[in-house]
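Worksheet: the structure to be examined is printed underneath.
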């Protein structure tokens, strides 16, 4: 249940960022915080080291518009 709430909140943040036109990336420190949280919330082990690095790049480039594909390993996609 908690995982569903977190996913919904993350989706809402992405949707709100897109609606506001907020597409700028975040700092390396903020990207690390966000990607560490992704790793904690993903107990299935689908965030490999390569996926984690992809998360960092996506967050730094796109910030709130960075989207997560539900695949294993998880992929992070920047719509730019």
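Only the coordinates and a few stated rules stand behind these numbers; no lab work does. All figures in this text were calculated on a predicted structure; none of them were measured in a lab. Neighbour counts run over all protein chains shown; Cβ positions are idealised from the backbone, glycine included.
Remarks
- Ordering 36, 64 from the fewest to the most neighbouring beta carbons within 10 Å gives 36, 64.
- Taking other C-beta atoms within 10 angstrom as a stand-in for reagent exposure, 57, 71 fall in the order 71, 57, fewest first.
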